[in-house]
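> Quick one: the structure is below, and I'll ask about it shortly.
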Amino acid sequence: MTKKILAFVLSLVMGFTLFAQDKNVAEDGENLKIYDSGEAYQVKTFTQKFKSRKPKNIIFFIGDGMGVSQVHAALTANKGRLFIENLKYTGFSKTSSADNYITDSAAGGTALSSGVKTYNGAIGLDKDKNRVKTILEIAEEKGMATGLVSTSAITHATPASFIAHQSNRNMYEEIAADFLKTDIDVFIGGGYKHFTNRKDGRNLAGELKEKGYTVEKDLNIIANIKSGKLAGFVAEEHPGRLNERGNFLPVAVSTAINILSDNKRGFFLMVEGSQIDWGGHASNTDYIVEDMLDMDKSIGKALEFAAKDGKTLIVLTADHETGGMAVLNGSFETGMVKGEFTTGGHTGVMVPIFAYGPGAEEFIGIMENIEINEKMKKLLPGR
Ligand code: MG
Ligand code: ZN
């Protein structure tokens, strides 16, 4: 009898403890689902008149995990305007991988970099593990300047898909070594430790310097580099969240464009807003909006160059959507936006495509992710 009472009291206490914990989690979770900074930036409208029919330069933005809700959340947060709206040609991309209805960022990145559907986890390899040529490598062969900018480690799946060939996305040290096999002109992101603190004892930062690269960790110095080859590392692993990394992405994009545009034959630059995906995994509206707006401002930097240049194509898309995000409430007056999430993972839903500049009209309608790559390859200038 006393045992039964004891068990009953115990279960009551445990139940209350569990209930209290649940309540805390729910409350924190609710806070994270609302973005409400009140701040907004000015958005410019750029010319839609260009100087050529085919582009000389291509700037390819990938919002990792960016679905329509992520874009709309950012649009609401900035009180109804985004730089992205200058990219007037729009479409949708079907993102499934060779072995899965729902892609990961490695297969998604490889589809966008190389025009092949592959297995989840693959970097620059097809589904039979054959090496595939990336658009960055083709641009290099054509004598164009090339660059990668990312708010994650530069060895992380998305940027890696454009320059490395490895059977698994987690092979960061092998991916770092692949950078040395190329002639990439500029890369800026995190991931310094994968170049310097390695099992094989190689110091790839030293090897990069021998190949003529400026290897620099200070963003203020990186911002003032105007020519030559540049390897910019702002973090050992991943750059921090916005409050830590500051204006890293817009600065890195401007720096990369500045250096690459010296090349008479044009350039190819891939820019990734990496952490939109991480906000989605965390069911965190605040994180998503912060990183969407950061990428939008960077697109503003690219638009400033492209509008003046008149021969630059800008394409923005995503590798997949993350979080199954919906926008449940918002205000264009205050910039408040409330998100809700159906999963902590990726979803299989189509993602948007936006394009600006010569050739932009190619990117309308519903297409496979690999077609985005095929269209960009067809538009590459030169030999
Ligand atoms: Mg990524
Ligand atoms: Zn993800």
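The values are calculated or read from the model by the stated rules, or taken from the named source; none is laboratory data. Here the structure is a predicted model, which means the values were calculated and not measured. Note that each Cβ is placed from the backbone with ideal geometry, even for glycine, and that neighbours are counted across all protein chains shown. Protein only, heavy atoms only, side chains kept; ligands, DNA and RNA dropped before computing areas. Shrake-Rupley method; radii C 1.70, N 1.55, O 1.52, S 1.80 Å.
> Suppose we filter S114, S93, S97 for residues that are under 20 Å from the mean Cα position of the chain (by Cα), free of Cβ contacts under 8 Å to residues at least 24 places away in the same chain and either within 16 Å of ligand 1 (Cβ to nearest atom) or open to solvent by less than 10 Å² (accessible area, probe 1.4 Å) (or both); which single one remains?
Matching residue, one of S114, S93, S97: S97.
> I need the full set of residues from the stretch 50-67 which are away from ligand 1 (no atom under 16 Å from the Cβ) and touching a helix residue (DSSP H, G or I) at 6+ places or on another chain (Cβ under 9 Å), in order please.
Selection gives F50, K51, K54, P55, K56, N57, I58, I59.
> A further question on this structure: Name every residue in the stretch 66-102 that is of a type in the set (F, W, Y) and part of a loop (DSSP other than H, G, I, E, B), in order of residue number.
Y101
> Is there any pair with a first residue in the stretch 202-214 that is exposed (fewer than 15 other Cβ atoms within 10 Å of the Cβ) and a second that is β-branched (V, I, T) whose Cβ atoms are under 7 Å apart and which are 6 or more apart or on different chains, and what are they?
Short answer, once both residue conditions are applied: N203/T196; K209/V215.
> Here is a further query. Taking the stretch 260-276, which residues are open to solvent by 10 Å² or more (accessible area, probe 1.4 Å) and in contact (Cβ under 8 Å) with a residue 24 or more places away in the chain?
Residues satisfying the conditions are S261, D262, N263, R265.
> Name the single residue, out of those in the stretch 333-343 being out of contact with any helix residue (DSSP H, G or I) (no Cβ under 6 Å at 6 or more places or on another chain) and not acidic (D, E), that is farthest from I288 (Cα to Cα).
Out of the qualifying residues, it is T334.
> Please count how many residues of the stretch 136-183 are buried (at least 23 other Cβ atoms within 10 Å of the Cβ), touching a residue at least 40 places away in the same chain (Cβ under 8 Å) and of a type in the set (A, V, I, L, M).
12
> Could you identify the single residue in A223, A282 that is open to solvent by 30 Å² or more (accessible area, probe 1.4 Å), within 16 Å of ligand 2 (Cβ to nearest atom) and hydrophobic (A, V, I, L, M, F, W, C)?
A282 is the lone residue from the list that is open to solvent by 30 Å² or more (accessible area, probe 1.4 Å), within 16 Å of ligand 2 (Cβ to nearest atom) and hydrophobic (A, V, I, L, M, F, W, C).
> Moving on to the next point. Can you tell me how many residues in the stretch 177-207 are within 18 Å of the chain's Cα centre (by Cα) and within 16 Å of ligand 1 (Cβ to nearest atom)?
Qualifying residue count for the region: 5.
> Suppose we filter the stretch 297-347 for residues that are within 16 Å of ligand 1 (Cβ to nearest atom) and surrounded by fewer than 17 Cβ atoms within 10 Å (Cβ to Cβ); how many remain?
1
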